[in-house]
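The values are calculated or read from the model by the stated rules, or taken from the named source; none is laboratory data. These numbers were taken from a predicted model, which means no experiment stands behind them. As a convention, Cβ positions derive from the backbone with ideal geometry for all residues, glycine included, and neighbour counts pool all protein chains shown. Heavy atoms of the whole protein, side chains included, go into the accessibility calculation; ligands, DNA and RNA do not. Shrake-Rupley method; radii C 1.70, N 1.55, O 1.52, S 1.80 Å.
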Amino acid sequence: MKKTIFLGVAMLFATLSFAQNNRRSAEVFLEIVNPGRYTVYLDEELVSSATGRFRFYDVYNSAPILSIIQGDTVILKQQISVTPEQRLVLSLDNRSSITLKQLNIFRNRQYVLDDFDGYTGAFNTGIVPAMPPQPDPYYRLLSPEAFQEFYTSYKKSNFDSEKVRLINAISKNASFSSSQSRLILKTFTFDEERLKIAKSLYQTVVDPQNYFTIAEIFEFPYYKDEFLKYLEKP
């Protein structure tokens, strides 16, 4: 089993330089006006919330299926259209999806959006200060296809120690997004090891502004608090 897994990783490294994705991801944010607890799917990605706000990062499919479920009832299922490097902000009221706005995610290669439907800081004025050229944060990000190859092998690991070895091997040549990191960390058996790897992945994650979403996967409050304290450090 181990030989098969690491053979797959070796093959992934051999094709990594060709598998990097030139496409850019989009974001889809949804606000449900009517109170209640809902479950929302965007294709296969799931978000649950009682606050009425749902956030999907790293959306590569330009026409994903949005499904909104309350209890056992599907109240909306429809295909939506997203644009790379833009955040689509939707509102649901009386079981109809309404597009509120589309926002550019980056300006001068900087992430400029707040936590829901607006811009941060000086970018609210529309005046973009001159900035020196910045390195493209996506140049090491695995494409969805390459990540799926890695994740298929990764899920076959039976022990946390095997998972750590695979993560360390991939991290030498590629970076993960916050949503990819969340999938990876969810599979760990113990919060203690999950916290160690979460700290390690944060060093090279391509969208650190979204990394706070990892906190939800910790099973024990102590480790969740330790993770958030780590993010608070300058």
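Here are the numbers:
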| item | result |
| --- | --- |
| Per-region count, the stretch 22-67, residues more than 19 Å from F212 (Cβ to Cβ), open to solvent by less than 70 Å² (accessible area, probe 1.4 Å) and over 19 Å from the mean Cα position of the chain (by Cα) | 4 |
| Residue list for the stretch 197-226, filter: under 13 Å from the mean Cα position of the chain (by Cα), crowded, with 18+ Cβ neighbours inside 10 Å and among the hydroxyl-bearing types (S, T, Y) | Y211 |
| Residue match in the stretch 166-186 (condition: over 27 Å from N61 (Cβ atoms) and modelled with pLDDT of 85 or more) | yes |
